[in-house]
Amino acid sequence: MRLWNREGTLLRTFKGHTAEIFGVAFSPDGQTIASGGSDKTVKLWRIDGTLLRTLQGHTSNIQTIAFSPDGETLASASHDNTIKVWKIDGTLLVTLNGHTSNVSSVAFSPDGKTLASGGDDQLVIMWDLEQILHLNLLKYSCDWVRDYLKTNITMEKTDCSLCNYSLFH
């Protein structure tokens, strides 16, 4: 990966990826660069070219990367049909599953509370990060489907046992 100034002068070369790089993003403060590609890793670099850390977890090419507005987290989208949300220290916060094909774009909302993803499955998914990162996922999912479970006449009472609600009373 190469960093150029606006006049076209090469400032530095970043070495570390073992294959093509598809996604690159600057942190909001401009001091960190994230890169990802077909070696299935996200690399975080200081602007001076120092490799800070390598994030591993995807099982296919990483297509794109986005930093949150506060620069504390980043999201990586992959051809493994997932989005991974990471803390800047390299901790994996969550893997988002919902696309049925390659995920080709991710973007944070200006307040950092929502992540949008787009994929080859022609879907745009809006992820509520506050809910996903701060609540029990099972409770969140059950809250989300509660009305459906209550009103669907084909549902049996036992179909709702996982959510542990008295939906039919």
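Since every read-out is calculated from the coordinates, none of them should be taken as a lab result. Only a predicted model underlies this, so the values are computations on that prediction, with no experimental measurement involved. As a convention, Cβ positions derive from the backbone with ideal geometry for all residues, glycine included, and neighbour counts pool all protein chains shown.
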Counting only helical runs of four or more DSSP H residues, what would the 222 nm mean residue ellipticity of the chain come to if each run contributes -39,500 (n - 2.57) and the total is spread over all its residues? -3500 deg cm²/dmol
Which of rounded, prolate, oblate describes the stretch 58-111, given a ≥ b ≥ c as roots of the alpha-carbon gyration tensor eigenvalues and a/c under 1.5 marking rounded, otherwise prolate only if a/b is larger than b/c? prolate
Quick one: putting +1 on the C-beta of Lys and Arg, -1 on the C-beta of Asp and Glu, what dipole do you get for the chain around its Cα centre, in Debye to the nearest 20? 420
Quick one: which of LYS40/LYS84; LYS40/LYS87; LYS113/LYS150; LYS43/LYS113; LYS15/LYS40; LYS15/LYS87 span more than 21 angstrom between C-alpha atoms? LYS113/LYS150; LYS43/LYS113; LYS15/LYS87
If I fit a long axis through the Cα atoms of helix 137-151 and take the longest principal axis of the Cα atoms of the chain, what angle between them do I get, 0 to 90°, rounded to 10? 40
Whole-number D in µm² s⁻¹ for the chain, Kirkwood Cα-pair radius fed into Stokes-Einstein, 37 °C, 0.692 mPa s: 186
